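Let me begin by presenting the structure, written as structure tokens, before commenting on it.
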Amino acid sequence: MNQEILMKIFLIVMTTFIFVALITPFIKKIAIHVEAVDIPDKRKVHTKPMPRLGGLGIYFGFLLGYMLYGQHSETMNSILIGSFIIVLTGVVDDIKPLKASTKFIGQLIAALIVVFYGNIVLKDVSAFGIYINFDILAYPITLLFILGCINCMNLIDGLDGLASGISSIYFLTIGIIATINGSLGLDFILTFVMLGSSLGFLVHNFYPATIFMGDSGSMFLGFIIAVIALLGFKNVTMTSLVIPLLILSIPILDTLFAIIRRILKGESISTPDKYHIHHQFLNRNFSQRTTVLIIYFINLLFSFASIVYVLKNRALGYIIYGILLFIVIMFVLKTNVIFDHEQKNKKLRKEIKK
């Protein structure tokens with residue numbers, strides 16, 4: 001591998017890492033000053049008020065990385081405008097919670113900008129030997145993909161360091177694949193800018209966290225993850241849509257299970273609860289730190305499978321994917337992620353007593 005490229009990667013990651021690690025304590029003070037504080041309640045895991053707005057640190061790292069290492073283009077303009085709208089929506093929500101519909105409008109506007117102004121569109125996809133051209137459906141499918149990524153990261157952000165760590169694993173994996181494939185375009189720059197930024201924030205966000213990223217961070221991470229994946233398709237960094245989706249298997253599956261769970265209970269899909277995958281580990285007496293590390297490990301295995309699939313052996317990649325998905329599904333069926341087994345057992349015991 002070219003030594004010059006490796007040096008460039010090192011500089012991008014270290015610059016943004018150090019910058020975000022240093023600026024985050026100042027953002028913490030701002031969050032406290034404007035009362036952007038997460039107050040504990042029965043649904044939340046943390047036990048003391050925690051400043052939010054940490055996403056601003058990640059966003060500022062992204063801006064610095066772009067200014068130092070990026071290049072001006074219409075595509076980048078759309079990403080800058082879209083990310084500003086996403087972060088602004090998140091900041092307002094972190095200070096004074098917005099309605100879910102209001103946040104969705106902000107997300108949709110950001111997605112529309114990168115799709116129609118930046119022309120970042122998923123026009124076709126190749127997966128498992130099948131080629132699909134979306135034609136006129138490309139635009140709504142791309143919008144759904146971006147909105148899905150935004151909300152997946154928003155929902156998974158439930159434990160110290162979980163969303164920032166999963167994002168870091170994603171950026172590292174995409175960066176490795178892009179570098180080995182020799183794709184050194186905009187997606188390459190943004191990937192390593194975001195890797196440094198998310199790791200810099202993780203210094204303050206890993207358990208015990210001193211600041212939360214808030215919606216300003218989780219929505220921005222989801223937005224930029226989607227954008228990088230879509231840029232990869234344009235620059236042939238990824239072989240198919242399946243790869244970035246599988247790297248994010250845990251947040252995507254967790255979101256899917258949450259939707260199914262709430263529909264079965266007759267609740268709104270936006271209703272918050274404590275039945276996510278990470279809550280199930282906590283219910284089994286794992287500590288926050290251990291739970292997060294377990295999910296990191298599972299995510300790293302999916303990332304390893306993705307690297308094997310793209311760069312080495314597709315058949316082996318399929319096998320590893322299959323084994324991991326089977327393990328996750330078995331875990332879900334044996335816990336309360338979808339079905340509330342404890343509630344069913346209580347009803348059964350009442351019926352037996354009768």
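The values are calculated or read from the model by the stated rules, or taken from the named source; none is laboratory data. Please read these numbers as outputs of a predicted model, since none were measured by experiment. Ideal geometry is used to build each Cβ from the backbone, glycine not excepted, and the neighbour counts take in all protein chains shown. Accessible surface areas use protein heavy atoms only, side chains included; no ligands, DNA or RNA. Shrake-Rupley method; radii C 1.70, N 1.55, O 1.52, S 1.80 Å.
Here are a few things to note about the model shown:
- Filter result (surrounded by fewer than 21 Cβ atoms within 10 Å (Cβ to Cβ) and either modelled with pLDDT under 75 or among the aliphatic types (A, V, I, L, M) (or both)) within segment 250-264: Ile252, Leu253, Leu256, Ile259, Ile260, Ile263, Leu264
- Residue match in segment 41-53 (condition: under 26 Å from Leu11 (Cβ atoms) and either modelled with pLDDT of 95 or more or surrounded by 14 or more Cβ atoms within 10 Å (Cβ to Cβ) (or both)): no
- Segment 290-339, residues that are of a type in the set (S, T, N, Q), part of a loop (DSSP other than H, G, I, E, B) and either closer than 22 Å to Ile174 by Cβ or open to solvent by 80 Å² or more (accessible area, probe 1.4 Å) (or both): Asn313
- For Gly214: the one exception among (1) surrounded by fewer than 19 Cβ atoms within 10 Å (Cβ to Cβ); (2) on the phi > 0 side of the Ramachandran plot; (3) within 18 Å of the chain's Cα centre (by Cα): (1)
- Residues being open to solvent by 10 Å² or more (accessible area, probe 1.4 Å), in contact with a Pro (Cβ under 8 Å, 6 or more places away or on another chain) and assigned to a helix (DSSP H, G or I) - total across segment 128-179: 2
- Subset of segment 180-209 that is at pLDDT 85 or above and in a loop (DSSP other than H, G, I, E, B) - its residue that is nearest to Ile120 (Cα to Cα): Phe206
- Among the residues listed as Leu64, Leu80, the single one being under 22 Å from Gln107 (Cα atoms) and among the aliphatic types (A, V, I, L, M): Leu80
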